[in-house]
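The values are calculated or read from the model by the stated rules, or taken from the named source; none is laboratory data. All of these numbers come straight from a predicted model, not from anything done at the bench. All Cβ positions, even for glycine, are placed from backbone atoms using ideal geometry, and neighbour counts span all protein chains on display.
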Amino acid sequence: MNFVFGFLIITGIIVSMLTGNVDAVTNAAISSARSAVERAASLVGIFALWLGVAKVAEDSGFLRIITRILEPFVRFLFPSIPKGHPAMGSILMNFSANLFGFGSAATPFGLKAMKELQQLNRKKEEASEAMCTFLAINVSSITFLPTTIIALRMEAGSANPMEIVGTTLFATSVSTLTAVLADYVFRIINRGRI
């Protein structure tokens with residue numbers, strides 16, 4: 001990717017020099033940089049708020065309650081994880097955080113879950129079935145409240161930034177169901193080859 005972006009930037013600069021539009025490129029680069037910094041600065045406050053809410057949810061035990069509700073379903077998806085293993089707790093905390101759109105808060109739990117799953121993995125150079133299942137679900141991730149997208153819509157001046165909640169829930173539910181089914185099918189195919 002570095003090569004591709006580097007090529008595009010250098011090509012753009014050369015073409016602007018050949019066509020006499022260096023001033024336009026310079027002005028666009030400066031205004032885009034300014035806009036990016038302003039957008040990032042305004043989002044810091046919104047992300048700080050949501051990360052604070054995620055921390056309160058974690059410290060208050062709310063995520064643990066969601067974790068207990070999800071445990072039977074998750075145990076079905078990960079039969080190879082022994083009961084009481086720390087990987088299950090990390091997976092459940094990751095799923096709970098993702099449900100409420102706390103992707104930044106979910107990431108440390110996801111990394112910890114993968115580390116714990118690697119300890120259970122017999123073939124250290126290959127991903128285990130549990131690791132593949134976790135990755136598929138984590139990437140697709142059902143989201144009840146897409147806080148990042150809502151924050152971006154608020155920043156962009158949307159009249160109703162919350163109107164995407166229903167469509168996001170539908171889309172992420174379909175994507176997670178598809179990921180679980182694809183994981184199951186590929187697992188069966190993989191077992192047939194071994």
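Observations on the structure shown:
- When the stretch 49-88 is filtered for residues that are closer than 16 Å to residue 99 by Cβ and in contact with a Lys or Arg (Cβ under 9 Å, 6 or more places away or on another chain), only 58 remains.
- Taking the criterion of being in a helix (DSSP H, G or I) and either free of Cβ contacts under 8 Å to residues at least 12 places away in the same chain or more than 24 Å from residue 66 (Cβ to Cβ) (or both), the residues of the stretch 141-160 that qualify are 152, 153, 154, 155.
- Any hit, the stretch 137-149, residues being polar (S, T, N, Q), out of contact with any His (no Cβ under 9 Å at 6 or more places or on another chain) and at positive phi: yes
- From 48, 36, 40, 24, residue being of a type in the set (Gly, Ala, Ser), part of a helix (DSSP H, G or I) and over 28 Å from residue 161 (Cβ atoms): 24
- Residue satisfying all of: in the stretch 90-126; basic (Lys, Arg) and in a helix (DSSP H, G or I); modelled with the lowest pLDDT among these: 112
- Residue check, residue 180 in a helix (DSSP H, G or I), touching a residue at least 60 places away in the same chain (Cβ under 8 Å) and surrounded by 13 or more Cβ atoms within 10 Å (Cβ to Cβ): yes
- Residue match in the stretch 71-87 (condition: closer than 30 Å to residue 38 by Cβ and modelled with pLDDT under 90): no
- Subset of the stretch 138-183 (residues that are modelled with pLDDT under 90, closer than 23 Å to residue 82 by Cα and aliphatic (A, V, I, L, M)): none
- Look at the stretch 24-43: where a residue is over 20 Å from residue 12 (Cα atoms) and a partner is charged (D, E, K, R) and surrounded by 11 or more Cβ atoms within 10 Å (Cβ to Cβ), sitting 6+ places away or on another chain with Cβ atoms under 9 Å, you get 39/155; 42/155; 43/155.
- Positions within the stretch 62-84 being over 17 Å from residue 176 (Cβ atoms), touching a helix residue (DSSP H, G or I) at 6+ places or on another chain (Cβ under 7 Å) and not in a helix (DSSP H, G or I), in sequence order: 80, 81
- So residue 163, is it free of Cβ contacts under 8 Å to residues at least 12 places away in the same chain and either under 19 Å from the mean Cα position of the chain (by Cα) or within 25 Å of residue 44 (Cβ to Cβ) (or both): yes
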